[in-house]
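This report refers to the structure that appears directly beneath it.
The values are calculated or read from the model by the stated rules, or taken from the named source; none is laboratory data. Nothing here was measured: the structure is a model prediction, and the numbers come from that model. Cβ atoms come from the backbone with ideal geometry, glycine included; neighbour counts cover every protein chain shown.
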Amino acid sequence: MIWETIARGTSVVWLTQGVLSLFEWAFKHDIRPHRFYSTQELANLLGIERIEAIEMVRSGKVKGKKLDGNYRILGSAILEYMSQ
């Protein structure tokens, strides 16, 4: 009986943490159309690995430019990709 109570309490804590993380993510990841983003930032926004983000830019799925050896992606290009 006590283990059930502990398990339920733990579930409530995890659920609360998940909801708070979702709100934090939603407010933290406001994509600005005129801002430039790195491939790491693109990966974080899409929830993928950085190498996948680089491949997306290389293949043209997300528009970006290579500047000084690093890709830069305009926020509007990320929003365009996400709306597809």
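Can you name every one of the strands (runs of 3 or more DSSP E) wholly within the chain that holds 1 or more residues which are modelled with pLDDT of 65 or more and exposed (fewer than 10 other Cβ atoms within 10 Å of the Cβ)?
Details: elements: 36-38, 65-67, 70-74.
Of the strands (runs of 3 or more DSSP E) lying wholly inside the chain, those with at least 1 residues that are modelled with pLDDT of 65 or more and exposed (fewer than 10 other Cβ atoms within 10 Å of the Cβ) span 65-67.
Enumerate the pairs (first residue in the range 29-53 and in the same structural domain as S76 (by TED's automatic domain parsing); second residue anywhere and among the basic types (K, R)) with beta-carbon separation below 6 Å, excluding pairs fewer than 6 apart on the same chain, so at least 6 apart or on different chains.
Taking only residues 6 or more apart or on different chains, the pairs are F36/R72; T39/R50; Q40/R50; A43/R50.
Output the qualifying pairs, or none if there are none: Cβ atoms under 6 angstrom, residues six or more apart or on different chains, first residue in the range 68-84 and over 13 Å from H34 (Cα atoms), second residue of a type in the set (A, V, I, L, M, F, W, C).
Hits for this filter: Y71/V57; Y81/V62.
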